[in-house]
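The values are calculated or read from the model by the stated rules, or taken from the named source; none is laboratory data. Bear in mind that the values here come from a model prediction, so they are computed numbers and not experimental data. To get the accessible areas, we keep the full protein, side chains included, count just its heavy atoms, and leave off ligands, DNA and RNA. Shrake-Rupley method; radii C 1.70, N 1.55, O 1.52, S 1.80 Å.
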Amino acid sequence: MLNLKNISITFNEGTPDEKNALDDINLKLEQGEFITVIGSNGAGKSTLMNVISGNLIPDVGDVIIDGKQVIHLPEYKRSRFIGRVFQDPMAGTAPSMTIEENLAMAFSRTKKRKLRSGVTKKRKEMFREHLETLNLGLENRLTANVGFLSGGERQALSLLMTTFTEPNILLLDEHTAALDPSRAELITNLTEEVVRKSGLTTLMVTHNMQQALDLGSRLIMMDKGQIIFDVRGEEKQKLTLEDLLHEFQRIRGTKFKSDRVVLG
Amino acid sequence: MSGMLISMFGAVESGIIYAIMALGVYLTFRVLDFPDLTVDGSFVTGAAVVGISIVNGIPPIVATVLALIAGFVAGCFTGLLHTKGKVNALLSGILMMTALYSINLRIMEQPTLSMLNEPTVFNQLESIEAIGGIDSFFNGLLSMLGAEQLPATWVIVLAMIVVTLLIKLLTDFYLKTEVGLALRAIGDNKKMIRSLSANTDSLTIVGVGLSNGLVALSGGLVAQLGGFADVNMGIGMIVIGLASVIIGEALFGTKTIRRATLAVIGGAIIYRIIVTLALEVEFLDTGDMKLITALIVIVALVTPKILQVQKEKKRRIQKRKQLDRQIRGQNSA
Ligand SMILES: Nc1ncnc2c1ncn2[C@@H]1O[C@H](COP(=O)(O)OP(=O)(O)OP(=O)(O)O)[C@@H](O)[C@H]1O
Ligand SMILES: [Mg+2]
């Protein structure tokens, strides 16, 4: 499905700020795999996401999706088959446009945009059905401006906008981090549900280690631009929090460092 | 009084034509969030293209369409400069506006081009026999109301209302299409719409192009109405466009796209009326117009905010009084 080969990227090369953010990353995602990604601050998780989405071009390496090399495709072209939800709830929606208009824009992600009405009666009906699955009552506010929604509501809408067109690859970069615990749980549950129902190939960055253990079929840990730990299947199911911290210490010889890490 | 009526009529007439320019400014400033200063140049480009075409015997209607195309191309260059050349939006517009000054001079081959005694879309319209009936009908109505001096013709106003409303409806429709939604999202959340597979660069280029197409169309029509094109006729046009947009928004609101575009047209007409009224004031002359325009924009920008703050204050005071009364009521009980 997604194949990353020998990806390296260095920021500010040749200056004192030089930073090898990704160091020869190799990663292969199978169709329908749900990977959770953890790692300390500055490990390169967001950079990896940006390389996959086309927001960043790596110095070397290949990004292959469905057997096709996409390294030269700009971000907007890659987003035909990649869906993203950002950390900032404000980033995924257009505030001065209505809920139905936002959904219409998301609906056009997989197709060429044409000079035909974006919000039709038929689409409205479909949008309403999808919104009902969120259980937030948004289906009754189709013509409300998204700017009036709360952060949690906006993030739920972003998640729906990204997933209801079933992207080949779903990228989630700490998409619950900016929300209070109850809202974060809501979004986490919605994420799990939609990924399971549509069998989306997913890469999800999280600072919540327990979440990383509970969700998904595979877990990778990153540090200093490298993937230092990769478990899947039964082995992952058996993994505990202590194992994980212990594993990090064993590989790196230091304690896991992150300002935002949530252990429980 | 009667002279006033005639000048008001003129204000509405030109207001409707300038409204097309204001719709263009609305597209960049409001929809794309792109402060485009190309307008001062592209307005003249429209006038110049119309002028030189008509003088060379091209049918006025064709000349008018050519003006629109020329403006579109000019706008596309500004968009290109900004998106592909990574030049700051304001600077892209200023550069294009400066370049257009010379280009406009080249098009006209002289600073002022007269179209007197040449056919224009307007005098062609007036010359259609059947239309004479419209004038006598409306003027008859006016003289019944006691007016002494009567507008020379109603045809231009009526035709321009139809054309401007048509452009408004097309704009409304366009901004609701799949492409139009993406265009609006560029001004609202660029990062998002890019992650939803929209090519923001080419959309911006087309958007700025369309905007300047409308501006040039307006310039071409103004030239035909006045009977001349002048290389300096675009100076300050961007501020006039902005004034129209801002006055319209302040008076008529922006709840929906349909409402907002109507507000822009209303704003353009009201701007012309204000200017006409200002010129009636004895100690003001045409040279003061720029100052007056700037003042209008400032008032239209600042007043709604002051009113809003005052309304909030009033509401809070009322709430407090209400609460006081309740407490007093409870105490006395
Ligand atoms: N555009 C950039 N220019 C320079 N340095 C960058 C840039 N983007 C990222 N970096 C650096 O690369 C490293 C990896 O950053 P990245 O954002 O991928 O970390 P992360 O794993 O997402 O961390 P966090 O958990 O804090 O979000 C960091 O040291 C960061 O400072
Ligand atoms: Mg990050």
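Dividing the alpha-carbon radius of gyration of the protein assembly as shown by the rule-of-thumb value 2.2 N^0.38 Å gives 1.21. Within the listed set B:Gly79, B:Gly187, B:Gly248, the Gaussian network model of chain B (springs between alpha-carbon atoms below 10 Å) gives the highest mean-square fluctuation for B:Gly187. With N the number of residues in segment B:178-333, Rg(Cα) / (2.2 N^0.38 Å) evaluates to 1.53. Computed over segment B:26-130, the percent of Cα pairs more than 16 Å apart is 60. Using a Debye calculation, one point per C-alpha and no hydration shell, please list log10 I(q)/I(0) for chain B at q = 0.08, 0.11, 0.12 Å⁻¹ in order. The Cα Debye sum returns log10 ratios of -0.43, -0.75, -0.87.
Between A and B, buried accessible area from a 1.4 angstrom probe totals roughly 2200 Å², ignoring ligands, DNA and RNA.
Between A:Leu103, A:Leu171, A:Leu142, find the one with the highest GNM mean-square fluctuation for chain A; connect C-alpha pairs within less than 10 Å. Judging by the Gaussian network model, the answer is A:Leu142.
Report, in whole Å, the centroid distance computed from the Cα atoms of segment B:314-333 and segment B:1-71. Spelled out, the Cα-based centre of one part sits 57 Å from the other. A loss of 20 Å² or more of accessible area (1.4 Å probe, protein heavy atoms, ligands and nucleic acids excluded) relative to the isolated chain is seen in these residues of segment B:173-192: B:Phe173, B:Lys176, B:Thr177, B:Glu178, B:Val179, B:Leu181, B:Arg184, B:Asp188, B:Asn189, B:Lys191, B:Met192.
With only the Cα atoms considered, segment A:94-148 has a convex hull volume of 83 Å³ per residue. Judged by the gyration tensor of its Cα atoms, with axes a ≥ b ≥ c, segment B:294-333 is prolate; a/c meets the 1.5 cut and a/b is the larger of a/b and b/c. Surface composition of segment B:52-196: carbon and sulfur atoms hold 70% of the protein heavy-atom accessible area at a 1.4 Å probe.
Based on the convex hull around the alpha carbon atoms, segment B:55-203 presents an average projected area of 13.5 nm². Dividing the alpha-carbon radius of gyration of segment A:65-189 by the rule-of-thumb value 2.2 N^0.38 Å gives 1.07. Only protein heavy atoms count here; under a 1.4 Å probe, A:Glu18 has an accessible surface of about 100 Å².
Across A:Arg183, B:Arg325, B:Arg315, A:Arg196, the residue with the most accessible area heads the list, and the full order at a 1.4 Å probe is A:Arg196, B:Arg325, B:Arg315, A:Arg183. Distances between placed amide hydrogens fall under 5 Å for A:Leu2 paired with A:Leu29, A:Asp66, all partners being 5 or more residues away or on another chain. Over all pairs of different C-alpha atoms, chain A has a mean inverse distance whose reciprocal, the Kirkwood radius, equals 19.3 Å.
Per residue, segment B:62-108 exposes 52 Å² of solvent-accessible protein surface, assessed with a 1.4 angstrom probe and all protein chains in place. One quarter of the surface of the convex hull around the alpha-carbon atoms of segment B:228-278 equals 4.3 nm², the direction-averaged projected area.
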